[in-house]
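These notes are about the structure you will find just below.
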Amino acid sequence: MTKAVLFAALALAACHSPTGDTAADSADNNAAAVAPEAQGKPVWLHATDKLNVKGTYWQAQNAKAIILLFHQAGSSKDEYTTIAPRLVEMGYSALAIDQRAGGSMYGTNETVQQMPKGWANSMEDAAQDLEGALRWAEPLGKPIILWGSSYSASLVIPLANTYPDKVKAVLSFSPGEYFADKNRIGRAAGALRVPIFITSASKPDEEAKAKAIADAVPDHLATLYVPTAGVHGSSTLIAAKDPQGAKANWAAVTAFLGKLSL
């Protein structure tokens with residue numbers, strides 16, 4: 001299988017911009033991106049098993065698409081507090097949700113906080129939350145892009161296959177075979193029919209997991225980005241979490257989004 005692979009050259013070019021921005025500048029830019037007018041509005045939606053799921057929706061004017069943002073284990077929709085407003089500036093509406101398999105890494109997970117006792121809450125069960133978000137987005141009439149972080153970076157791949165007429169692209173940050181069936185995501189990747197961006201932390205084990213999934217994707221659909229400096233999940237785009245790599249990693253994401261036919 002062939003695929004596009006973005007290596008350190010892209011990262012180096014992004015880090016040495018003519019403006020001379022530093023990691024501290026990137027952190028300031030991220031802070032500026034969450035001005036009060038860009039906070040997004042709270043929404044509630046239903047998972048496919050009817051669990052109430054909390055989200056935040058940011059609406060762009062004349063949006064090119066809506067990007068559905070799913071967090072990593074132990075996290076919440078607040079993983080995207082700085083990321084979503086930047087996507088809005090790029091012309092995309094965005095919805096981030098609190099999945100049932102999450103926690104307080106970035107802020108309160110309101111789905112977990114209000115979930116009835118005894119409700120199924122494994123990472124695999126959270127697939128119903130992701131599908132509920134997609135169904136919530138369908139009536140908006142915009143192309144849908146799926147974006148996952150860690151375990152949800154894996155779940156977005158079979159979800160894209162379930163809705164081939166709705167999903168136009170996938171971004172997968174630190175995917176892996178995190179579930180009981182250790183070939184589930186690879187099989188789903190082999191059936192993918194839309195472009196996918198795959199990246200990982202700059203660690204050999206994560207890079208190997210990302211590459212294995214990218215290698216399973218049909219020809220020319222996978223963009224495997226190997227960062228010079230990267231951390232786990234979507235946190236790789238947050239300057240406070242990845243001061244050495246966030247700017248270059250954003251450049252790779254922006255380049256991928258810019259090539260999509262929506």
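Filtering segment 124-161 to residues that are farther than 17 Å from Ile66 by Cβ, in a helix (DSSP H, G or I) and polar (S, T, N, Q) leaves Gln128, Ser154, Asn161.
Restricting segment 162-194 to residues that are among the charged types (D, E, K, R) and not in a loop (DSSP other than H, G, I, E, B) leaves a set whose member that is surrounded by the most Cβ atoms within 10 Å (Cβ to Cβ) is Lys168.
Listed by first and then second residue, the pairs with beta-carbon distance under 6 Å, at least 6 apart or on different chains, first residue in segment 194-205 and over 16 Å from Val167 (Cα atoms), second part of a helix (DSSP H, G or I) and of a type in the set (D, E, K, R), are Ser200/Glu206; Ser200/Glu207. Annotation: of all residues in segment 60-98 being over 22 Å from Ala47 (Cα atoms) and basic (Lys, Arg), the one that is surrounded by the most Cβ atoms within 10 Å (Cβ to Cβ) is Arg86.
Residue-wise test of (1) farther than 24 Å from Gly132 by Cα; (2) in contact with a Phe, Trp or Tyr (Cβ under 9 Å, 6 or more places away or on another chain); (3) among the small types (Gly, Ala, Ser).
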site: Lys166; (1), (2), (3): no, no, no
site: Ala169; (1), (2), (3): no, yes, yes
site: Lys182; (1), (2), (3): yes, no, no
site: Ala222; (1), (2), (3): yes, yes, yes
site: Thr228; (1), (2), (3): yes, yes, no
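If you go through segment 34-61 and pick out every residue that is under 18 Å from Ser93 (Cβ atoms), of a type in the set (Val, Ile, Thr) and at pLDDT 95 or above, you end up with 3. Screening segment 195-233 for residues that are assigned to a loop (DSSP other than H, G, I, E, B), among the β-branched types (Val, Ile, Thr) and within 17 Å of the chain's Cα centre (by Cα) and picking the one that is surrounded by the most Cβ atoms within 10 Å (Cβ to Cβ) gives Val231.
The values are calculated or read from the model by the stated rules, or taken from the named source; none is laboratory data. On a predicted model such as this, the values are computed, not experimentally measured, just so you know. Note: ideal-geometry Cβ built from the backbone for every residue, glycine included; neighbour counts use all protein chains shown.
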